[in-house]
Amino acid sequence: MRWTRPNWGIVGLLTLVALSAVGCGNKEKETIAALREENLRLTADKDNLGEQLAMAREKEAQLLLEMDAGSEEAASYKRKIASLEADAARTPSAPVTTSAQGWEIGVKADRITVGGDILFSSGKVDLTQGGKSALDRIIRDLKSSYAGLPVRVLGYTDTDPIRKSKWKDNLELSAHRAMAVVRYLASKGIAAKTIETIGMGEHHPIAGSKSRSRRVEIVVVKSN
């Protein structure tokens, strides 16, 4: 049998391919491990939010039994619950999913945000024509995908204090803006008994953006 000298170029190429395959395998394993770790973290965050929400609801029920339902302390717990529900909509147990219509899909709630500058002129609570058009699209979703489910309408402002206005403060302005949205939803056939209006004021700004802080969030609660 005659010995044939190996083609070292081909041998080297095959070695590189083999090593690359091993490297890709390792990278895939690292990616899978990282995704599993992130999923565990998000699941823990979701569970923590659920516990906070349950405690806040229990406290609210107790307050409503013990005091005037319209008191500021009771209203404060309503705002806390609404904020937790909005957070739940942002904190799924998997990477955030946004529907084609712009809804953020959560585990217990789905959420959509409309810019305050689209809905209202500065310092006003009357809906603009552009704001009504934006709400019309949301109303179609509420009727087709979320019929009969509880709806929270949360009004937010930026952190600039009100100086010359008919509104006492940002909390009052945000509440009236949320009510304007609720009235429009009801006028278009969304059952008013399923909607709750909550003014959040300036206490939950979006970092680095006054314009984005001025907003209305519509949260649909899928499960309590």
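Bear in mind these aren't lab numbers, they're just calculated from the coordinates by the rules spelled out. Just so it is clear, the structure is predicted and the values come from calculations on it, not from any experiment. Glycine also receives a Cβ, built like all others from the backbone with ideal geometry; neighbour counts cover every protein chain displayed.
Quick rundown of the values:
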| quantity | calculated |
| --- | --- |
| Additional length obtainable on full extension of the chain from L149 to A207, 0.36 nm per residue less Cα span | 17.8 nm |
| Distance violations [Cα-Cα > 24 Å] among K124/K222; K188/K222; K132/K168 | K124/K222; K132/K168 |
| For V221, V153, order by how many other beta-carbon atoms lie within 10 Å, fewest first | V221, V153 |
